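Have a look at the structure below before the remarks.
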């Protein structure tokens, strides 16, 4: 029996102890009409070898591509040691450290992680993780509204990832919070400061993305200042790798900093599991959602670590809790702590600079193709927007046939950007990858220019 | 006093200029096209250590943990069963790990096929009409479920339903979720047999009732015997019935929530489907619904069409409660659950509930014979049961907390303590199906030893644990004198 250790003798002895004849008798409190439904739709069990073959076949179906999409999930090199340590049974198969004395490994690691995130964001304190970047932003919005002196309006720029904006709306919907869009300037792809200054209402918070969804570097200091002048809190939504080289939220006076932790050691994995992080000013810590680890002492005065500020949490405060979150993303945080230790500040800054250099090379090469144009001017981090002279979906499909995942089409979310795509080249892309992309895109674009579209469809 | 080598933080091992050189890329061009005003002024103080120091530090830290792989971990309501290594090995095949979430669906038919089959398996084993894999943990599944209940009532113009009912024994996530969804929470008491108090439930329902959130078996470790009557009371009042799947391991393949009349359920795949708990996540909390809630399921949802598998979004599902994450939920966790389900198969899935129940009943009876009080002695255990140490506390002063800490010294992770709150000095014990009779017998022996120590030397137990990396920690101090991060020691100022 898979994963069940009972021998025939064990079962007999245990049934005797329970004073029943069959295991089924132990279910006799369940109404008969509800019992023993068959489940013919579930296949017979397989051996480990058979499942291994099945999964390898599925993995082979998907193959390998040269990827140029970022858009909230970034392909970075993850040191070999990271997941070898994270999948040690002692980390992989433990749970939320309710028994602190038997969980000092996880707890000390989380305390170190909180320190690392606070340092990276230049903020005072960090929590032990939330689910992902989008849900972390939603939690930050709820937190800002709790901290606000009465406003339930939050300014959410159009330069924030469209899926993040969707998730925020889903999660805050039932709490009478108004999410107000802020437009962007068409030439720069940056938050429209003029529009921002013109709002007259009271706002609980402004979300400042850095870099923004288009890869552009916002003027975070000015945006934060504008928010403060309106009495609103500042929520920084940032890429943690970028924060080694760009001014972090603490330097622009943010009250809350959140983001997607994936670039710190989580593989792409079709979208998860990743982790969300949340940092804030110490004064706001009692409104923070999620687990927080504190250092304390034991009976002998020796220092140790434990879950703290639990009076905010659902298992104590129930319907008055700061969030319903219970299980978070512990294992991804374990990987992140090891990842950050192996790279250090200098290693991570090198990653950031390499991503920037590669993206610059990519934008220059693709932008040199006739008819392909950069949509926004100004400083960027490791992504950029290009307008194609051909239908974006068609070009991307043609690239897939050459083993290249060329970018994310923006038209569906930003109709005004038409046939534009968002591209990214992290440190994992080589000059050869970038050249290969450029040559293929050039061929696709020029072929399309020479042949009318109907001929393409007919071929 | 400087910390001993074994107690050092990674930051205390740090030396300026030391690093793992081969992990970072080679140096590239400086950022001369980014304005200095937007650049970072001071570098973050991250550790500067060699690869060996990092590996040794975190390996040593891991050794300070109890885990399923190292210890019996009967943490009630958490289903700490064996996490098969194959699930991890196959979910970490490079093609799965390297696939970008926004890559076109046609480049991911392998992984999407696994997820789709998981979705179908979950429908079958729960008896629900449709499943969405989107929620990233149990509590997010709860959120999705209650948000769907709200969307359902609103879609019918039934806007006077402002209350969600929860039993007083419910997990804290239930009332917290209901509040997040804008509902007033009303608690329903438990009767002397451990069932929800049907009379009080009848009195509580009305046109204000949006729904009831129920865990069955309940957190008290007993099956809700009046479930059919409960279902009728709630539905007759126009409310919907929510199934909290935290305890699904107790009935997997034996009873289906859909057949009990539940309208919406969430499943904790990190419990029932044995994906790891990872020191506190990641989880996965898929939701299943009856036909009437189907239009409201969270997106993205996976569908199979003539061109293969693809994600449905708001455009395809206009009544959806919406999106809960940036991408498509915790795919890597879902893959592990899929692999687990394929290893178990139909027969294996039935056996989960059977052997989880056998182990819990055996352990309950052995502990009762050893002199411990079971909170509901006239009931069968389900996959877990509650022990009350009230008598021990009265006789010796030794609390459930003291017993829990002493169990750590004996090499066992403690059961869940002080939950559910309505059982005084409570231990909630869940052995799971993957533990052997020998291990259960050893746990009984340890409990007997602790009880006799409590009678002989109660003061000693108050000081437990003695053999772990730290003695009992001061939680009050942790909350009063907040120390949430490391700071470098201040440099002595020269006058």
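Computed from the coordinates by the stated procedures, all read-outs in this text should not be read as laboratory data. All values reported here derive from a predicted model rather than from experimental measurement. Using ideal geometry, Cβ is built from the backbone for each residue, glycine included, and neighbour counts are taken over all protein chains shown.
Spin-label pair residue B:27-residue B:168: with each label point 7 Å from Cα along the Cα-Cβ axis, the two points sit 6.9 nm from one another. Here the convex hull built on the C-alpha positions of region B:291-343 has a volume of 119 cubic angstrom per residue. Using the Stokes-Einstein relation with a Kirkwood hydrodynamic radius computed over Cα pairs, the translational diffusion coefficient of region B:270-395 at 20 °C and a viscosity of 1.002 mPa s comes to 116 µm²/s.
Computed over all pairs of different Cα atoms, the Kirkwood value for the hydrodynamic radius of region B:351-480 is 15.2 Å. Peptides A:57-66, A:266-275, ordered by how many other C-beta atoms sit within 10 Å of their residues on average, highest first, read A:266-275, A:57-66. Each residue in A:83, B:311 was given a count of other beta-carbon atoms within 10 angstrom of its own, and listing them fewest first yields B:311, A:83. Relative to the dominant Cα principal axis of chain A, helix A:431-450 is inclined by about 60°. Fully extending the segment from residue A:180 to residue A:80, taken as 0.36 nm per residue of separation minus the present Cα-Cα distance, adds 31.6 nm. The angle between the Cα long axis of helix A:220-229 and the longest principal axis of the Cα atoms of chain A comes to about 80 degrees, rounded to the nearest 10. Against chain A, whose longest principal axis is taken from its Cα atoms, helix A:162-172 shows a tilt of about 40°. Over all pairs of different C-alpha atoms in region A:270-350, the reciprocal of the mean inverse distance, the Kirkwood hydrodynamic radius, equals 15.2 Å.
Here's the picture: a label point sits 7 Å out from the Cα of residue B:480 along the beta-carbon direction, and within region A:291-309 the residues with their amide nitrogen under 13 Å of it are A:297. Relative contact order for chain A: 19 percent, from Cα pairs under 8 Å spaced at least 6 residues apart, divided by residue count.
Whole Å is fine, so just give me how far the alpha carbon centre of region B:46-118 lies from that of region B:407-429. First find each Cα centre; the distance between them is then 28 Å.
Separation of region B:141-155 and region A:151-180, taken as the distance between their Cα centroids, equals 18 angstrom. For region A:41-196, the Stokes-Einstein estimate of translational diffusion at 10 °C and a viscosity of 1.306 mPa s comes to 77 µm²/s, using the Kirkwood hydrodynamic radius over alpha-carbon pairs.
Region A:277-429 has equivalent-ellipsoid semi-axes of 45, 21, 14 Å, by the square roots of 5 times the alpha carbon gyration tensor eigenvalues, sorted largest first. When a/c is below 1.5 the answer is rounded, else prolate if a/b is larger than b/c, else oblate, so apply that to chain B with a ≥ b ≥ c taken from the square roots of the Cα gyration tensor eigenvalues. Here chain B falls in the oblate category. For region B:279-436, relative contact order (Cα pairs under 8 Å, six or more residues apart, normalised by length) works out to 18 percent.
Percent of C-alpha pairs per 5 Å bin in region B:86-343, short distances first: 1, 6, 14, 19, 19, 16, 11, 7, 4, 2, 1, 0. Take each residue in B:177-186, count the other chain C-beta atoms within 10 Å of its C-beta, and the mean is 5. Protection proxy ranking, highest mean first, for peptides B:143-152, A:217-226, A:397-406: B:143-152, A:217-226, A:397-406, where packing is the per-residue count of other beta-carbon atoms within 10 Å, averaged.
Mean sequence separation of contacting Cα pairs (under 8 Å, at least six apart), scaled by the length of region B:352-415, corresponds to a relative contact order of 25 percent.
When shorter helices are ignored and each DSSP H run of at least 4 residues is given -39500 (n - 2.57), the per-residue value for chain B at 222 nm works out to -11000 deg cm²/dmol.
Please work out whether region B:128-230 counts as rounded, prolate or oblate from its C-alpha gyration tensor, where a ≥ b ≥ c are the square roots of the eigenvalues and a/c under 1.5 means rounded, while otherwise a/b larger than b/c means prolate and anything else oblate? Oblate shape, in that a/c is at least 1.5 and b/c is the bigger or equal ratio. Among the residues of A:68-78, the average count of other protein chain beta-carbon atoms within 10 Å of the residue beta-carbon is 3.
Distance between the modelled labels on residue B:184 and residue A:222, one decimal in nanometres: 4.9 nm (7 Å Cα→Cβ projection). Evaluate the Debye formula for region A:8-54 with equal point scatterers sitting on the alpha carbons, no solvent, and hand back log10 of I(q)/I(0) at q = 0.17, 0.18, 0.28, 0.29 Å⁻¹, in q order, two decimals. Result of the Debye calculation: -0.78, -0.80, -0.95, -0.98. Estimated translational diffusion coefficient (Stokes-Einstein, Kirkwood radius over Cα pairs, 4 °C, 1.567 mPa s) of the protein assembly as shown: 45 µm² per second.
Ordering B:333, A:234 from the fewest to the most neighbouring beta carbons within 10 Å gives A:234, B:333. The mean number of Cβ atoms from other chains found within 10 Å of a Cβ in peptide B:105-117 is 4, as a whole number.
Can you bin region A:111-150 into rounded, prolate or oblate? Criterion: square roots of the alpha carbon gyration tensor eigenvalues sorted a ≥ b ≥ c, rounded for a/c under 1.5, prolate for a/b above b/c, oblate for the rest. Oblate is the answer for region A:111-150, as a/c is 1.5 or above yet b/c matches or exceeds a/b.
Put in line by how crowded their Cβ is, counting other Cβ atoms within 10 Å and starting with the fewest, A:315, A:6 read A:315, A:6.
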